[in-house]
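Bear in mind that the values in this text are calculations on the coordinates, not laboratory data. The shown structure was predicted, so the numbers you read here are calculated from the model rather than taken from an experiment. FYI the Cβ positions are ideal-geometry reconstructions off the backbone, even for glycines, and counts take in every protein chain you see.
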Amino acid sequence: MKTIILTTLATALMLGTAIAGEHASREEAEAMVKKAVAFIKANGTEKAYQEIDNRQGQFVDRDLYVVVYGLDGKCLAHGANAKMIGKDFADTQDVDGKYFIKERMELAKTHESFWQDYKFSDPVTKKIEPKQMYCERLGDTAVCSGIYKS
């Protein structure tokens, strides 16, 4: 009986680790952005950005998190790295030299929603990975969440 219990427990722990280590999907990223947009509309930016910034909050799941940028390139909320909040990233480049925030702001000015490709540090693996970011324009901001493609 002990062996069965220990085997069941070990299997459950391995399964939990595998699930926790999974990358988010495109559908999950889109759903997260839609949830964040609805939360911002219902609660206002001050309360919503505090919740988005909370690493243990409802807008962080595995490698999936929400970011909000002003259309000027300033980071207004960031679910993975609070040190980015308030900084202007308009001239930030990825490892390939792509001005991905500038590109994101241009896309947000001309599209209600869009996907964007670039490279960024995965908060789970801590490695630079190809990333696809889904964004929706909300007023003069872009609310985004992305997936990593390792």
(message) Can you say whether Arg62 is more than 12 Å from the chain's Cα centre (by Cα) and of a type in the set (Lys, Arg), as far as the supplied structure shows?
(response) no
(message) Every residue in the stretch 103-150 that is of a type in the set (Phe, Trp, Tyr), touching a residue at least 40 places away in the same chain (Cβ under 8 Å) and touching a helix residue (DSSP H, G or I) at 6+ places or on another chain (Cβ under 6 Å), please.
(response) Tyr134
